[in-house]
1. According to a simple spin-label model (label point 7 Å from Cα along Cα-to-Cβ), what is the distance in nm between LEU86 and ASP23?
2. Over 27 Å between C-alpha atoms is what I'm after, so list which of LYS26/LYS70; LYS7/LYS74; LYS7/LYS84; LYS7/LYS65; LYS26/LYS84; LYS15/LYS70 land there.
3. Under a point spin-label approximation (7 Å from Cα along Cα-to-Cβ), what is the SER11-MET69 distance to one decimal in nm?
4. Just going by the charge dipole of the range 4-88, with Lys and Arg at +1 and Asp and Glu at -1 on Cβ, which of ILE21, ASN61, VAL37 is farthest out on the positive end?
5. From the helices alone, meaning DSSP H stretches of at least four residues, give me the mean residue ellipticity at 222 nm for the chain, per-run term -39500 (n - 2.57), in deg cm²/dmol to the nearest 500.
6. How do VAL77, VAL37, VAL59 line up, fewest other C-beta atoms within 10 Å first?
7. So what does log10 I(q)/I(0) come out to for the range 4-88 at q = 0.19, 0.22, 0.26 Å⁻¹, using the Debye formula with one equal point on every Cα and no solvent?
8. State to the nearest 20 debye the size of the charge dipole of the chain about its Cα centre, where the only charges are +1 on K and R beta carbons and -1 on D and E beta carbons.
Amino acid sequence: MRSNKLKQRDSRRRKRARDFISDYKKCNPCPCGNNNVEVLQFHHVDAGQKKIIRFSRMVANNWGKAAIMKEIEKCQVLCDECHKVLHNGK
Ligand SMILES: [Zn+2]
């Protein structure tokens, strides 16, 4: 049984993680110039490494910034259009 205080702490932590990810996107927009955080996605550069975990899930699971950053470093920020083009080009 979790207290309300713990729930509040978790939701604050999740908000910080979400803010952290969107700040990162703002500072690292898509190479095409699109910096709309709503459409920016993380593309895993190493395609051989199939990642199941999503950033939304990391946030939901209360990952810390350091752990999230480690994943972000393996990724290239792309807008949804460029991401689609990239995958269709394969
Ligand atoms: Zn783009």
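Derivation of every value follows stated rules applied to the coordinates shown; laboratory data play no part. Bear in mind that the values here come from a model prediction, so they are computed numbers and not experimental data. Reconstructed Cβ throughout: ideal geometry from the backbone, glycine too, with neighbour counts over all protein chains shown.
1. According to this spin-label approximation, the distance is 2.4 nm.
2. Details: LYS26/LYS70 18 Å; LYS7/LYS74 31 Å; LYS7/LYS84 37 Å; LYS7/LYS65 19 Å; LYS26/LYS84 20 Å; LYS15/LYS70 19 Å.
Exceeds cut-off: LYS7/LYS74; LYS7/LYS84.
3. 2.8 nm
4. So the residue furthest toward the plus end is ASN61.
5. On the way: 4 runs with 47 residues, N = 90.
So the helix-based figure for the chain works out to -16000 deg cm²/dmol.
6. VAL37, VAL59, VAL77
7. Taking Cα atoms of the range 4-88 as identical point scatterers yields -0.86, -1.08, -1.34.
8. On the way: 21 positive and 9 negative charges, 150 e Å.
Magnitude of the dipole: close to 720 debye.
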